[in-house]
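K.L.:
Here you go, one structure.
Taken together, the values in this text are just the output of simple stated rules run on the coordinates, not laboratory data. Values in this document were obtained by computation on a predicted structure and should not be read as measured data.
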Amino acid sequence: MLNFFNFKNQHTVLILAHEYTDGNLSQSWNLYENDMFWLTDTLRKIKKLKDVNWIIKEHPSEKIYNAKVSTVELFNKIISSEENIKLFPNDYRVDNMYKYIDTTITSHGTAGYEYPMQGIPTIICGEANYSGLGFNIEPKTRTQYYKILKKINLLKKTK
């Protein structure tokens, strides 16, 4: 699967975007005003981090809601053609990605409990129904988040 992306053999992170109109106001804490700001800032930060492979996956319902801004548009605007950052193809299934990735990042999505069950360290950036249970990395400030991103290649799977 990773050969598809022509990645170097280095730490690989899956970033799971959100449908931008869902769940933005329901959290008691969130590092960002909304999920679009979260993804935009995350893309800007990872663009500088060349020693990691990054895969960006749009939310499956993004096309259903016909949002004014899409993950693909944000990716093309901010990332463009970085060799170590790729969009996840829509015609592939995400089910078996745990075999190929080392870390996941989500704002507050279901990946926050799905991937830790496979032993994959997962960073969340907003409150979710599984927050505070001890199986995620939960930065409380953007500064903490940026520090984690810079050292993300040090995170190890537990299985």
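K.L.:
Please report the antiparallel percentage of DSSP beta bridges with both residues in the chain, rounded to the nearest 5.
P.N.:
About 5 percent, rounded to the nearest 5.
K.L.:
With just the Cα atoms defining each centre, how far is segment 64-111 from segment 114-159? Give it in Å.
P.N.:
Measuring centre to centre over Cα atoms gives 17 Å.
K.L.:
Shifting gears a bit: Multiply the residue separation of T141 and L87 by 0.36 nm, subtract the distance between their alpha-carbon atoms, and state the gained length in nm to one decimal.
P.N.:
16.8 nm
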